[in-house]
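Some notes on the structure that comes next.
The values are calculated or read from the model by the stated rules, or taken from the named source; none is laboratory data. Being a predicted model, the structure only gives us computed values, none of them experimental. Positions of Cβ are generated from backbone atoms using ideal geometry, with glycine treated the same way; all protein chains shown enter the neighbour counts. The protein model used for the area step is the full one, side chains on, heavy atoms only, and it has no ligands, DNA or RNA in it. Shrake-Rupley method; radii C 1.70, N 1.55, O 1.52, S 1.80 Å.
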Amino acid sequence: MRAKLLERRAGRVRPGLDDKVLADWNGLMISALVRASTLLDRSEWIRVAQRAYSFIREAMGRDGRLGHSWRGGALIFPGFALDHAAMMRAALALYEATSEPSCLQDARAWRDVLLEEFMVTETGCLAMTAKGADPLVVRPQPTHDEAVPNANGVFAEALVRLAQITEAEEDLQQASGILSRLVGVARSSPLSHTSILNALDLHLRGLSILVTGNNAETLFEVALKTPYPDRSVRRLIEGETLDDNHPAKALASPVESPQALICADQRCSLPVTDAEGLKARVREMLAG
C-alpha cells in the first residue's frame, strides 16, 4: 500500500525544497554536537561538527566576516549578529574539545566583528544588522529569545567562556561589562531572556579547568565530561603559554606529568593528578 501511495504521489508536482545553509543555525548545531559528543562518548560527532564548521568558515566568510545564507554558491552577505555570535560559540566549543589554536583565533576575530560592527554603544546591546548593511528606518536591537536564542545572550555566553579559557584581564572585563548591561534588560522579563541568564550563571559559578603535562588524555576526557553549563576547559599544548595574569600561571609552569587545575574567581586549586581526584575537586568547588 505504501509503494502504491508513493507511486501515485510521484505524479504530483513536488513542493519546494528549502536547502539553503544558514550560518547561525549551523553555529548552534556545531556547539550542540561538540557538547553532546563529549558527554555521550560519540567522537564521530566532533568530526561532523568540524566539517560543518570548516564549510561555514570558508564558503560563507569574507574578509573576516560571515554571510547569513548560502545556496548553490550564492551568498547573502553581510550576515546578522547571531551568525557571528553562534559561530563564535561554536569555535570555542571546538577549541575546548580539540585544543585547535585556529578555533580560538576565529572566536576572537568574530568577537571583534561583533564589537565593531554590531554593538550599539548607547544601549550596550547588539543590533541585528551590521553598520555597513543596507540602511533601515530603525536598526533593530532585540534582546529576547525566540525559536533560537538571541544574539546578545549567545554572545554573552561566548564572552564568558572565552574569559574563562584565557583568564586574560581584557577578556574578563569585556564579559563582566557586557553582562552588567544585559542583566538589566533581562530583569524586566526573565523568561524571555534565558540565554542571558544562562550566561550570567556560567559567569557567577562556572569553573575553568586547565589540563597540562604529557599523557594527560584521561584528565582531559574527565574535564570534558563535566557538564558544559558548569565549566570551560583548556588543555595547554606544548609551546603555549598562559596570560601573565592567569591565576594558574605559577602552578602550570612547564611540567611533564599530567595535572589539572580548577579555577574560580581568579583562584585555582592545587594540582590534581588523577581522574577521581579531579571529579571530587570539581564537585567540591561547584557545591561551595
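Working from label points 7 Å from Cα in the Cα-to-Cβ sense, the S180 to S43 distance is 4.5 nm. Of the two radii for segment 57-193, the radius of gyration is 0.96 times the Kirkwood radius, both from the alpha carbons; that is the Rg over Rh value. Taking all protein chains as they are arranged and a probe of 1.4 Å, the heavy atoms of H246 leave approximately 10 Å² accessible to solvent. Structural descriptor for the chain: relative contact order 14 percent, calculated from alpha carbon pairs under 8 angstrom and at least 6 residues apart.
Of all beta bridges DSSP finds with both residues in the chain, what is the antiparallel percent, to the nearest 5?
75
Cross-link reach is defined here as a Cα-Cα straight distance under 29 Å, omitting same-chain residues fewer than 8 places apart; for K279 the lysines meeting it are K225, K249. Calculated on the alpha-carbon coordinates, the convex hull of the chain measures out at 183 cubic angstrom per residue. The stretch between S257 and R8 holds 82.9 nm of extra length on full extension. This uses 0.36 nm per residue minus the Cα-Cα distance. Out of the total accessible area of segment 50-202 (probe 1.4 Å, heavy atoms of protein only), what percent is carbon and sulfur? Using a 1.4 Å probe with all protein chains present, segment 50-202 comes out at 53 percent carbon and sulfur. Between E58 and W25, how high is the FRET efficiency from 1/(1 + (r/R0)^6) when r is the Cβ-Cβ distance and R₀ = 25 Å? Nearest 0.05. My answer for the efficiency is 0.90. For segment 169-266, with equal point scatterers placed on the C-alpha atoms only and solvent neglected, what are the log10 I(q)/I(0) values from the Debye formula at q = 0.15 1/Å, to two decimals? Once normalised to I(0) and log-transformed, intensities are -0.69. The Cβ shell under 13 Å around A93 holds other residues with a net charge of +1, Lys and Arg each +1, Asp and Glu each -1. If R0 equals 35 Å, the separation of the Cβ atoms of L270 and E170 corresponds to a calculated FRET efficiency of about 0.80.
The residues of segment 39-136 have, on average, 48 Å² of accessible surface per residue, using a 1.4 Å probe with all protein chains present.
Which of the trypsin sites (Lys or Arg not before Pro) found in segment 74-154 are loop residues per DSSP with 16 or fewer other Cβ atoms within 10 Å of their Cβ?
Sites meeting the loop and neighbour criteria: K131.
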